[in-house]
Structures are given as C-alpha cells and as structure tokens.
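Written out below as structure tokens is the structure these notes cover.
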Amino acid sequence: MTIDTRISQANGRLKSAKVGVKIEAIGDRLYLRATLPPKPNSLKHEAYQQRIALGVRANPVGIKEAEAEARKIGALLDCREFEWSGYLNETSEAMTAGDWVSRFEADYFTRRERNSKSQSTWRKNYWEALQRLPMDAPLTDEVLYKTVTSTTPDTRTRQVYCMALGALARFAGLEINLRKYSGTYSPKKVTPRDLPSDQEIVDGFFKITNRQWRYVYGLMAVYGLRNHEVFHLDFSTLPILQVLEETKTGRRRVWACFPEWVGLFDLANVELPNITGKTNSDLGSKVSRYFKSAGVFTPYTLRHCWAVRTLEFGLPVELAAMQMGHSVQVHTDIYHHWISDRHHQRAYDAIMSRTDRPQAPMRSPECSTGI
C-alpha cells in the first residue's frame, strides 16, 4: 500500500469522526492542515487555513502518529483551547531559510538522478533564486516576499524567483502565494534583436584566431546549438549532428543549415578546446566568456539566427523545434516575432521564383470587354 493511500485512509477516518484536521505530505515529511488561529506576532486577526509541521517522516509509523495528533488538535479546536506554543518548536519558526533550502534540495534530488543535466536545471531554475534568501534568518512569508520583490517586475528573473521560492514555500508549509507577483513577462514582449546577416556570421568565424574556438563558433552557427552542447556531441553521422543525452533536452539529431558551411568551416575535422566544468552551466559560461573576449557574436545570437534561417528555408516549425531541443510552443513564442521585413522579403522572393509555384490565371481569349 502506498503512502498516499495510507494518508487518504487516515483522512477518511478523520472526516468520518468530524475532525476538522487533515494530514498532508510535503516531500518526505508530514504536516497537519486546519483552520487555525493566527500565530503569535502575526498581523492577521482571524483564523485561517494553516499547516503544522510535525517533524515526522511520511511512513506508516509517522501517519499513525499524525492521525493521533490530528484528533488531539481537533479536540482542542472544538474546545477553543488550541495554543501555538506547543507546536512552534519543530515548525519553520525554529528553522532558518538555509535549513529549508538544504531540505528542499535533498528532496529535489531524491526524485531526480543527480547528474550534469539535473544539476544544471537545479542551478538555473532554483538555486539562482534560493541563494538570495537570508540563509541565517527564519523562513517567513515576509522574507519570501522581500526576495521576490527585489527583482524587476515583468521580467524573466521575477518569473523564475516566483516559481522557485513558491516551490520552497509549499515545501515548508507556508501559505504565501507568490504567483500573483510573477508579472506578465513573455518572450513575445522581448524586443527582437537586430540579428546579424549570414555574411556577417561567416566573417565572424574567420575573425577568431584560435582554431579550436573557431570550431566551436562554426558548430553553433551551422547547427544552432546551445553553448554547452558543443561538448556533448556524436560526430559519427556528420553532416547530421547528434546531440547526446547529457544535455538539457536529451539526445536529438540536428541538420546543417547551411550545409555548405560544414565544408567552409572544416567541421569534419573535429578540434574542440580542452576545457572542463562541473555542470553544463560552467561549460556554457566559458564559451560565452571566450566569444565576448574575441569580439564575436554571442552564442545565443548564433542559435537565434539558425532558428530564423530555418523559417526562411521553409523547414516545418515542428521539425525546427525538435532539432533545437524545445517545444513547438517555445519555438513559436520566441522566434516568430523575430522575423524582420528582410526575412519576409527573402522568403517571399524564394517562393515566387519557384518554377512549380501556382500560376496566376490570365485573361482568356473568349473574354471580351470594351477596353
């Protein structure tokens, strides 16, 4: 019998006994949830739904203890004799934000294998926000609110903070709802960059004097890779490139766009720089730093150009998204609004020059007018 089933059965017994307290599992710990009076020093004055951390694990023994404690609290609430003093020592008031972050991270990696991919996701989607908390202070609604609102509204950063800190709040049993502060950020609202021309990208390749880094630039220009992905590749089927499973979105194949650049950039002669990094983020940062020092286009500029180029060539959006390693929704949200009049004109000219395109009907001999 699963833990969820055992909790459901215990809650069923509590409901039948008209005990207004429920058992919940968050991570590997058990909590009680009920309409409780405000905690000491709270700014609220009326009872509201809150959680009590029991400090017991989500196992059969813990569930038995939680059910007994729920009945006790239910009786105290019925008699209007419930006091927080007996339940604060093991709750979040006695733990620092750093304690909760450590627990949260441990729980995160009990549900995912700890590898370069998951470690990179943790750092980018959670740790960048969590590390901004005052680690020695208690984790409270006010602390979470101040950390979230320290970011600029309607930005990707604010959105990430609300997601990460909201997940931590739920894990710690706090009631604050941070979603309402996440704002209206959308990739569609980001001002499209003035993407370089394909000729400028070629010129940038030959501007790099270090052959190994020039090779990295060439790979990214031809295949639209993320900056860390150049170190996780299978070249055995070149000019079709295989991105391995160690990357963000797993194994996939990518076709060259332009295929002529495979020869121009000498990509069959593999020669990558000898660099290391504990995570994909570390590898990506080293690529970005080198490109900046070399005075060439950023890695993601090359990736964006590849995406727009596939649209110009008429590659179906579904296939382009698969080759880039993201969903069709992400692809259309990010890239469709990047297309300028220049791209539209090039695509239009290519379609109109096709010999097999539909031909416009002309005036037939049978049709006569007064003209």
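What FRET efficiency comes out for the pair Ser236/Val317, r = Cβ-Cβ distance, R0 = 30 Å, nearest 0.05?
For R0 = 30 Å, the calculated efficiency reads 0.60.
Note down the Stokes-Einstein diffusion coefficient of region 127-190 in µm²/s, whole number, using a Kirkwood radius over alpha carbon pairs, 37 °C, and 0.692 mPa s.
In µm²/s, the coefficient rounds to 276.
5 Å is the cut-off here: which amide hydrogens, built 1.01 Å from N in the peptide plane, fall below it relative to Gly55, excluding neighbours closer than 5 in sequence?
Leu30
Rounded to whole Å and ordered largest first, report the semi-axes of the equivalent ellipsoid of region 99-205 derived from its Cα gyration tensor (root of 5λ).
The equivalent ellipsoid of region 99-205 has semi-axes of 32, 20, 11 Å.
Take the alpha carbon atoms of region 3-94, find their radius of gyration, then divide it by 2.2 N^0.38 Å using N residues; give the quotient.
1.05
How compact is region 253-356 by the rule of thumb for globular proteins, expressed as Cα Rg over 2.2 N^0.38 Å?
Normalised Rg, Cα atoms only: 1.27.
Using alpha carbons only, how many degrees (0 to 90, rounded to 10) separate the axis of helix 211-223 from the longest principal axis of the chain?
90 degrees
Once label points are set 7 Å from the Cα along Cα→Cβ at both Cys79 and Ala268, what is their separation, rounded to one decimal in nm?
Each label point is offset 7 Å from its Cα along the Cβ direction, giving 8.7 nm.
Taking a spot 7 Å from the Cα of Lys64 along the direction of its beta carbon, which residues of region 6-39 have an amide N less than 20 Å from it?
Answer for region 6-39: 6-15, 23-25, 29-32.
HN-Hα J couplings of region 342-349 from phi, Karplus 6.51/-1.76/1.60, θ = phi - 60°, integer Hz, Gly and Pro as x?
3J(HN,Hα) across region 342-349, in whole Hz: 4, 5, 4, 5, 5, 5, 5, 4.
Based on the alpha-carbon gyration tensor of region 1-157, what equivalent-ellipsoid semi-axes (square roots of 5 times the eigenvalues) come out, in whole Å, largest first?
31, 22, 13
As I understand it, the value is the acute angle between the Cα axis of helix 198-207 and the longest principal axis of the Cα atoms of the chain; what does it come to in degrees, rounded to 10?
That helix lies at roughly 80 degrees to the long axis.
If you take mean projected area of the Cα convex hull in nm² from the coordinates, which of (1) 26.9; (2) 19.1; (3) 31.2 do you get?
Recomputing mean projected area of the Cα convex hull in nm² here gives the entry labelled (3).
Taking a 23 Å limit on the Cα-Cα distance, which of the listed pairs Lys22/Lys146; Lys18/Lys72; Lys124/Lys207; Lys207/Lys278 fall beyond it?
Lys22/Lys146; Lys124/Lys207; Lys207/Lys278
Starting at the first residue of region 108-121, write each ³J(HN,Hα) from the Karplus equation 6.51 cos²θ - 1.76 cosθ + 1.60 with θ = phi - 60°, in whole Hz, x for Gly and Pro.
Coupling constants for region 108-121: 4, 8, 7, 9, 9, 5, 7, 9, 4, 5, 5, 5, 5, 5 Hz.
Values in this text are rule-based calculations from the coordinates and carry no lab data. Keep in mind the model is a prediction, meaning the values are calculated, not measured. Methodologically, a virtual Cβ is constructed for each residue, glycine included, from the backbone with ideal geometry; neighbour enumeration extends over all protein chains shown.
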